[in-house]
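This report refers to the structure that appears directly beneath it.
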Amino acid sequence: MRKRPTVVGYRLLGGVGATLLAGAGMAVGALPVGAEASWWSALRQLAGPALLGGYAGLTLLAAAWWWAGRAQRAGAPGAALDRRSAAITLACWAGPLLVCPPLFSRDAYSYLAQGAMVLADIDVYRHGVAALGGGLAGEVPQMWQHTPAPYGPVFLVLAAAVSAATGGKLVLGVLALRLVALAGVAVLVAYLPRLARHCGVDPAAALWLGVLNPLVPLHLVAGAHNEAVMLGLLVVGICLAFERRFGAAAALVTLAALVKAPAAVGLLVVASLAARHTGRRAAVARTAGVAVGTAAAVTWATGIGYGWVGALGTPAYRHSWSISSALGRCAMRLAGSLGTDLGDAPMRLCLGLGLLAALAAAGAAWWQRRRLGPAYAVGLVLAAVALLGPATRPWYALWGLVLIAAAAPDGRARPVAALGAVVLAFVALPSGFGPDGAQAALAAAGVVAGLVTVGSLRLLTVPGRFAEAVAR
């Protein structure tokens, strides 16, 4: 008897898609500026076909994820997700992306340059990577050459360790950063089901939405973003808060915030859960005390200083992409077309309104925390900040998505979050820059090719015993 493939099918489909994308990255990824080897130059001549093939692969990866969710919900044989099966599936989908150039962003080069600045005793909170100079700084886009690092001392120490261990070599440095990111993802695989149980959510559903969604292999692994470390620490901290280990929880959430500041809102979950047992004032005082003490101790131990507090405004840079900055640029162009020179006032106004909208949405979500639960409410808060704040990137959606996956009940939020993850997977070019008309057309053609491929594969079957053997 023959039947349609399940686990083996979506693992293979996603792996093929990731391989296509990794191959495309050799020609159209965030390539090193100084890569002048003859073979690399030859690959760059294939940018058009590579972009088409990359988006076809991205479509296959997204389809594989959707297939995995459908199979899990339908109870297909062998399709139930636990930590082990999720880890194997993620390895199939992310493995090929470990060995290609950075994709969808050049942030990995910024991390390496900032780590080198720490080693050289250059204040990363006062100077941009231009102060470092050299080839490593030259890999960072011009718009970020003179902006200070917006990251906390925990991540900068990790970046410095990577830079020291790899000697400033780009290929080794990117690989090492990906290994750090993989450690954060491994923590998510281990602790997200545990947090889901505390929130009354199916752990398998949490793993599918929070760990296997395309943004994780595309941005946490291929992009080597520090969100992987931040989210790993945040999830463990919130999980410990549900287990009444409030001091350790506050310390871990603070460490997450010392990677990237948005994680600090996780302290609201710790204080809210602690208040159920010790009273509100005592809970707030204890949580704040542990957070301040942890931040002070880490800042002193790293020797990097408190400049990270003042650098928190770096993401509000007017060249950052966000909904509010896009509206600001449109307003500036409109004013210019009308012959009115308003300077950057329209941009500042739109950024301010966007920040107010983010705060209003976040406040509304937290106001409903008793009905939603604190973890789900904070997930919505982080989603609002990521989508409405002064800087927006596709991987920022993971700030809220991971907690929504672990804490949101069955209903409208989960499919909306899943659809949003799919859409955001397609909005950035592998190079990390915006597309022109020809690139957009090639990307669209790649998506169509991927969809046609997925449609044709519905006709394929494999022997049931073979499928079950591979799935094991």
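So, R0 is 45 Å and r is the distance between the beta-carbons of Arg412 and Ala297; what FRET efficiency does that work out to, to 0.05? Show your work: numbers first, answer last.
Values: r = 43 Å, r/R0 = 0.95.
E(calc), rounded to 0.05, equals 0.60.
Pairs of alpha-carbon atoms within less than 8 angstrom and 6+ residues apart define the contacts here; what relative contact order does the chain have, in percent?
On the way: 834 pairs, mean separation 103.3, N = 472.
With pairs under 8 Å counted, the relative contact order is 22 percent.
Counting only C-alpha contacts under 8 Å and six or more residues apart, can you give the relative contact order of the stretch 57-180 as a whole percent? It would help to have the intermediate numbers written out before the result.
On the way: 115 pairs, mean separation 30.7, N = 124.
The value is 25 percent.
Given the options Trp395, Ala375, Leu21, identify the residue whose Cα lies farthest towards the positive end of the charge dipole of the chain (+1 on Cβ of Lys, Arg; -1 on Cβ of Asp, Glu).
Sorting the options by dipole projection puts first Ala375.
At most 16 other Cβ atoms within 10 Å plus a DSSP loop assignment makes a site exposed; report the longest stretch of the chain without any exposed GluC sites (Glu not before Pro). Kindly include the intermediate steps, with their values, before the conclusion.
Numbers: sites that count: Glu36, Glu243.
Between exposed loop sites, the widest span is 244-472.
Magnitude of the Cβ-charge dipole of the stretch 72-224, K/R +1 and D/E -1, about the Cα centre, nearest 20 debye? Mind dumping the intermediate values first?
On the way: 9 positive and 6 negative charges, 80 e Å.
Dipole of the stretch 72-224, to the nearest 20 debye: 380 debye.
Hey, how many Å between the Cα centroid of the stretch 364-442 and the Cα centroid of the stretch 226-266?
19 Å
Could you give the nm distance between label points at Asp82 and Ile122, where each point is 7 Å from its Cα heading toward the beta carbon?
Going from the Asp82 label point to the Ile122 one covers 5.0 nm.
Would you work out the relative contact order for the stretch 300-417, in percent, from Cα pairs under 8 angstrom that are 6 or more residues apart? Before the final figure, lay out each step's value.
Values: 138 pairs, mean separation 31.0, N = 118.
Rounded, it is 26 percent for the stretch 300-417.
Picking from Gly115, Ala176, Ala68, whose Cα lies most toward the positive end of the charge dipole for the stretch 54-200 (charges on Cβ: Lys, Arg +1; Asp, Glu -1)?
The residue sitting most towards the positive pole is Ala68.
Between Asp341 and His277, what's the calculated FRET efficiency when r is the beta-carbon distance and R0 is 45 Å? Round to 0.05.
The calculated FRET efficiency here is 0.15.
Given a Förster distance of 56 Å, report the FRET efficiency between Cys330 and Arg371 from their Cβ-Cβ distance, rounded to the nearest 0.05.
On the way: r = 37 Å, r/R0 = 0.66.
Here the calculated transfer efficiency is 0.90.
With only Lys, Arg, Asp and Glu charged, each at its Cβ (+1 for the first two, -1 for the last two), find how big the charge dipole of the chain is about the Cα centre; round to the nearest 20 debye. Intermediate values should be presented prior to the final figure.
Details: 35 positive and 14 negative charges, 344 e Å.
Using Cβ point charges on Lys, Arg, Asp and Glu, the chain gives about 1640 debye.
Between Rg and the Kirkwood Rh of the chain, both from Cα atoms, what is the Rg to Rh ratio? If you can, show how the numbers build up before the last one.
On the way: Rg = 22.4 Å, Rh = 23.1 Å.
Ratio value, two decimals: 0.97.
If you rank Cys100, Cys330 by fewest surrounding Cβ atoms within 10 Å, what's the result?
On the way: Cys100 20, Cys330 12.
Lowest count first: Cys330, Cys100.
Laboratory data are not the source of any read-out in this text; all were calculated from the coordinates shown. Keep in mind that this is a model prediction, so the values were computed, not measured. Backbone-built Cβ (ideal geometry, glycine too); neighbour counts: all protein chains shown.
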